[in-house]
Amino acid sequence: MNPIQMVDLKVQYQNIKAEVDAALQNVMNNTAFINGPEVKAFQEELQSYLGVKHVIPCANGTDALQIAMMALDLQPGDEVITASFTYVATAEVIALLKLKPVLVDVDPHTFNIDPAAIEKAITPKTKAIVPVHLFGQCADMDPILEIARKHNLYVIEDTAQAIGAKYTHRDGSVSTAGCMGHIGATSFFPSKNLGCYGDGGALFTNDDQLADSMRMIANHGQKVRYYHDSIGVNSRLDSMQAAILRIKLRKLDEYTAARNKAADFYDRAFADVPQLTTPARATNSTHVFHQYTLVSSGIDRFKMQEYLASKNIPSMVYYPVPLHMQKAYTDPRYKEGDFPITEELCKHVISLPMHTELTQEQLDYIVQEVKAFVGQ
Ligand SMILES: *Cc1c(COP(=O)(O)O)cnc(C)c1O
């Protein structure tokens, strides 16, 4: 049995090595390292995969969020609503741009932002909502889009963990994660579902003007070289990363299916383990299982991690500390107890190995050892 990893990029690479090596060699032969033909081709292929009008590649997912907020011309002091249970990047760019992050609690089952809590957090200063499609399934977008329309707010979807997830609207129509709000922001960090071999990110939009503006901001605020119309940033996807992403995009559906197969197996295996609640599936979203996250009860999950580690099984806690209790984000507006669901989740969640290359032998072994720890 191969060693078990949280994310097995080594075996994944071995399986696509010939294609990847040839593509990288091709970039080196062409030496168009930045903004080469691979970047343009990837952009077009991702547009058609997602069914979105514009994809704007950039350097990473955090930049994507920042460029989105700059393009919407949000001003210092404007309030931006986001989930208290998320990766720090979401709140980080809000704070960096001197906007005011307004946190709201999440749904205890899907772990995604609670639309009812969003509505309660709106003030005259609210300008945008940033739903995060956490762990691989879409936040409940219909009510979020409705609230946004009613209050004239922008919606920026943080889809770094949910590329390719599909949301079914109340009218039966289907949208892709990141393509429902004004802007979608994603990351191609190596461990993401569509990951490159370095840093990368992208923005999605159906709005021509926003697309123009984001392209300009990502490129030093210039449309014509050396003529700067606005203050921008330097945020580019390089050609080698684009070449790798083109290969992995062609495999993305297959990869998502492999993740779902592993998740289904875990679900069945832990269905009768009272100490572990398996992740709920939203009724209106597919799941791309960026993470497979259990909620534990009546056990010490850090002891479980130690036990699993002693059996060479990695596990992770995403995320141990809610945003409002992070040192950098302490704010007199918030105190412990304000976001009870987020706080409970941070105390009880544990994520198991989840990737595209898990073998049945590895899955059997992981399940066997998890059950051995809980005494089943
Ligand atoms: C990974 C991630 C980001 C940031 O992406 P980087 O490419 O690492 O900057 C933002 N939001 C969420 C939810 C993420 O998981």
>> Amide H of G181 versus every other amide H placed in the peptide plane: which residues, excluding those fewer than 5 positions away on the same chain, fall under 5 Å?
In response: E157
>> Charges on Cβ only, +1 for Lys and Arg, -1 for Asp and Glu, centred on the Cα centroid of the chain; of T342, M70, P124, which one is farthest towards the dipole's positive end?
In response: M70
>> Taking a ≥ b ≥ c as the square roots of the Cα gyration tensor eigenvalues, with a/c under 1.5 meaning rounded and otherwise prolate when a/b beats b/c, else oblate, which class fits the stretch 252-374?
In response: prolate
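Quick check for me: using +1 on Lys/Arg Cβ and -1 on Asp/Glu Cβ, what's the dipole size of the stretch 118-211 about its Cα centre, in debye to the nearest 20?
On the way: 8 positive and 10 negative charges, 44 e Å.
For this selection, approximately 200 debye.
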> Say the dipole of the chain comes from +1 at the beta carbon of Lys and Arg and -1 at that of Asp and Glu; which of I217, L46, P108 then lies farthest toward its positive end?
Replying inline: I217
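Quick check: from the Cα gyration tensor, does the stretch 81-159 come out rounded (a/c under 1.5), prolate or oblate?
Working: a/c = 1.63, a/b = 1.08, b/c = 1.51.
In terms of gyration-tensor shape, oblate.
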>> Can you work out the Karplus-derived ³J(HN,Hα) for every residue in the stretch 299-304? Use 6.51 cos²θ - 1.76 cosθ + 1.60 with θ = phi - 60°, whole Hz, and x for glycine or proline.
In response: 10, 8, 5, 6, 5, 4
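How much length, in nm to one decimal, is gained on full extension between D212 and V11, taken as 0.36 nm per residue of separation minus their Cα-Cα distance? Don't jump to the answer; show the numbers that get you there.
Details: separation 201, 0.36 × 201 = 72.36 nm, distance 3.90 nm.
Taking 0.36 nm per residue and subtracting the Cα distance, the gain is 68.5 nm.
Over the chain, with the other protein chains present, what is the accessible area per residue in square angstrom, probe 1.4 angstrom?
On a per-residue basis, the chain sits at 44 Å².
Evaluate the relative contact order of the chain (contact order divided by residue number), counting alpha-carbon pairs under 8 angstrom at least 6 apart; express in whole percent.
Details: 756 pairs, mean separation 81.8, N = 376.
RCO, the chain: 22 percent.
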> Could you give the distance between the Cα centres of the stretch 221-236 and the stretch 286-359, to the whole Å?
Replying inline: 40
> Amide H to amide H, which residues 5 or more places from G232 or on other chains are under 5 Å from it, using H placed in the peptide plane?
Replying inline: G221
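Quote the charge dipole size of the chain about the Cα centre in Debye, to the nearest 20; the model charges only the Cβ of Lys and Arg (+1) and of Asp and Glu (-1).
Details: 34 positive and 43 negative charges, 80 e Å.
Roughly 380 debye for the chain.
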> Rounded to the nearest 20 Debye, what is the dipole magnitude of the stretch 252-374 about its Cα centre when Lys and Arg each give +1 and Asp and Glu each give -1 at the C-beta?
Replying inline: 260
> Of K53/K223; K251/K371; K98/K150; K120/K335; K166/K335; K347/K371, which sit over 28 Å apart, Cα to Cα?
Replying inline: K251/K371; K166/K335
> Counting chymotrypsin sites (Phe, Trp or Tyr not before Pro) as exposed when in a DSSP loop with at most 16 other beta carbons within 10 Å, what is the longest stretch of the chain free of them?
Replying inline: 34-225
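Nearest 500 deg cm²/dmol is fine: what mean residue ellipticity at 222 nm does the chain get from its DSSP H runs of n ≥ 4 alone, each adding -39,500 (n - 2.57), divided by its residue count?
Values: 12 runs with 149 residues, N = 376.
Roughly -12500 deg cm²/dmol at 222 nm, from the helical runs in the chain.
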>> I need the shape label for the chain. Rule: rounded when a/c is under 1.5, else prolate if a/b > b/c, else oblate, with a, b, c from the alpha carbon gyration tensor.
In response: oblate
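The values are calculated or read from the model by the stated rules, or taken from the named source; none is laboratory data. Computed from a prediction, not measured in an experiment: that's the story for all the values here. All Cβ positions, glycine included, derive from the backbone under ideal geometry; neighbour counts span all protein chains shown. Heads up: the accessible areas ignore ligands, DNA and RNA and are worked out on the full protein's heavy atoms, side chains in. Shrake-Rupley method; radii C 1.70, N 1.55, O 1.52, S 1.80 Å.
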